[in-house]
Structures are given as C-alpha cells and as structure tokens.
1. How much of the accessible area of segment 144-199, probe 1.4 Å, is carbon plus sulfur, in whole percent?
2. Please work out the Cα center distance from segment 234-252 to segment 14-75, rounded to the nearest Å.
3. With unit charges on the beta carbon (Lys/Arg positive, Asp/Glu negative), name the residue among Ala169, Ile194, Tyr211 whose Cα is farthest towards the positive pole of the charge dipole of segment 144-218.
4. Nearest 20 debye, what's the magnitude of the dipole of segment 1-108 about its Cα centre given +1 on Lys and Arg Cβ and -1 on Asp and Glu Cβ?
5. Treat each spin label as a single point 7 Å out from the Cα along the C-beta direction, and report the Ala301 to Ala229 distance in nm.
6. Can you compute the FRET efficiency between Val24 and Phe87 using 1/(1 + (r/R0)^6), with r the Cβ-Cβ distance and R0 = 22 Å? Round to the nearest 0.05.
7. Along its principal axes, what span do the Cα atoms of segment 273-319 show, with the longest given first and each in whole Å?
8. How large is the Kirkwood hydrodynamic radius of segment 120-196, counting all unique pairs of alpha carbons, in Å?
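The values are calculated or read from the model by the stated rules, or taken from the named source; none is laboratory data. Small disclaimer: the values here were computed from a predicted structure and weren't measured. Neighbour counts run over all protein chains shown; Cβ positions are idealised from the backbone, glycine included. Areas reflect the complete protein model, heavy atoms only, side chains present, ligands, DNA and RNA absent. Shrake-Rupley method; radii C 1.70, N 1.55, O 1.52, S 1.80 Å.
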Amino acid sequence: MSQAPIRFDRSSGVLEGVNPWERVAAVALVAGSKVSSLFYHRGYNRCANLLRKTLPARDIAIKLNADAIFAFPYGDGYWSKLLNRSFKYEDELELLFRDSADVDYTLLDCGANYGYWSVLVSSKPFGSHKAIAIEPSGQNYPKLVNNAAINGARFESLKCAIGEARGTARLSGTKHEAFSIAGGQDRGEEVPVIALDNLLDDGKVSPNGKYLIKLDVEGVEIEAMKGGARLMQGDSVLLCEEHGGDRAHTVSRYILEQTPLKLIVYDPSTHRLETVNDLSILDRIKVSTHVGYNVFGTASAFWLDRINALNAKAARRVQ
C-alpha cells in the first residue's frame, strides 16, 4: 500500500506529513530554487533529481489555491520549484488565464504533462473552466489522471500526441517534461497522434467556442499548427513555447510569416503583451538559452480586444 502524499500549502507555507529527512530535503529544494533563480534555474533539475534518489518514493500534493491540488513525485526536479513560494511558473500564461476568468472558454492543454494548467484553469479562482488535458506518455498519463481525480474529475484527459494528422508515432526522451515525437524515431513508446482539428471532428469541441490552446509539444509546434487550421480561424489563442536556444525563433517566425495569426509576446520590460512585427524583439526577451518562452498567436478579434484591455490594466498599474 502506497504512503499518503506529503502536503504543502503554497499560500501558508505549511508542510505536513513529512519525516525529518524529507523536511530537510524541502529546505534544500527551496534554497536551491532561490539560488538557482539568479541563473534561470540552471542546474536545479539535475541537483533536485539527485536529492530525490535519497528520498522514499512518494508523492507531494501541493495546494496551489483554495480549489486546486497538484501532485507529483516528491523531489521531482522539474516541479519541486513550486515549494519555493516566490517561484512563478510561466507567469505570462497565468496573467492571461487569470484575466480570462470571466470568459466562457475551454483550455486545450496539449502536452499536459501532469496537468498543472488543467488543474489551475478548472479551479474556482481561475473561473472553473472546462479543460481537456492531452498527454501521450504512458509514464506521465497516470499522474495526469490522478491529478484529475484528486480535483473532483473536473477536467478530461486524453492519452495521445498532437501532430499534423491522425496516425501513430514514437515518443522518446529521458526527461518527463520533454518527451517528444519529433525526429521520426525508430524506438520509443508508440503513441496515437491526433490533429487539433480532429477535436472538432470528434465532437470534443465546438467550432463556435472560445479556446486557449497551450501547445507544449516539444518540437512539433509547426505540425500541430498545420493540423489546427480550422480551430485557428475561430476564437482561439495559441500559447506556444519558443526555446531560448533557438536564435532563429522558428516557431514565432512560422506564426508571423506563414499564418494569418497575429504574433504576441510578453515583454518583461513593459509588462505588456506586445504585438510582434519584427522578430528582433525576441533577441532581447529570450535571455536564457536553456528555458522556454511562451508566444501567443491569434486571429480572433475577441481575444485581441481582451489582450488590449489587459495591456490597459497593466499600464494603469505602472502609473
């Protein structure tokens, strides 16, 4: 019988259900996050995963807000930064999700991993939105399903990858947060693939709905966009990851030059979501080569108006 998970409340900082060594490990994980944040958390994942090997195999369930619990293996190098209460995970996405709490939209969480954003967006402080979490990995998927279950089964989970068209592919990689079907591997887990527009064909989503589409698909972003042309014509926003090490800005270049979408990026210097006409802005924003940066693409007048209103709020806060 597995042990009950450790419990941590991000709002209060209370850590419960730990033995003395696990408590010491928590202090080390928090300290490591704070120090490594000065270097964009370079090296943190590797050190945390080494520490994890000394810990009993059990989960930690983190209370993200009053209506959101997110569980993962204790000591996990990618997610343990959440023990640091000052750490903000992809805060440009949280900015848009929080501002859209009053909008009737569905989150399409592609490359959901353990379901962090599906847990949050479906919670009351974020508007209790419908979410469909899509994750191909047989290693990750049970953890995603568990996070749906401990949050009242309030979002749907699909075990498949997102690509240009229906089919199958091989999933490979060594890090759970970076599994990929890119590259046409001969080995690895065989997984089903669907296109974004197949969600319309299968009746999972309506052509008249509003969507925020988080596209974290590790190198298959352009293929995924090609497979979502119909969704992109409606009231949708793509939230795509640009890798910091890609100085050609491949994903953004494709959105800007090959699609009808407007390209938008969060600029930390202005605290605004800026419309991009010249990719040189990304040379300034992408300051670290080993992390991802989110860019947005939309052809929706509704969402462009919302983003403009969000920028106006940011301007008033700065004044």
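1. 50
2. Between the Cα centres of segment 234-252 and segment 14-75 lies a distance of 29 Å.
3. Ranked along the dipole, the leading option is Tyr211.
4. 740
5. 2.4
6. Result of the calculation: an efficiency of 0.65.
7. 32, 30, 19
8. About 13.5 Å for segment 120-196.
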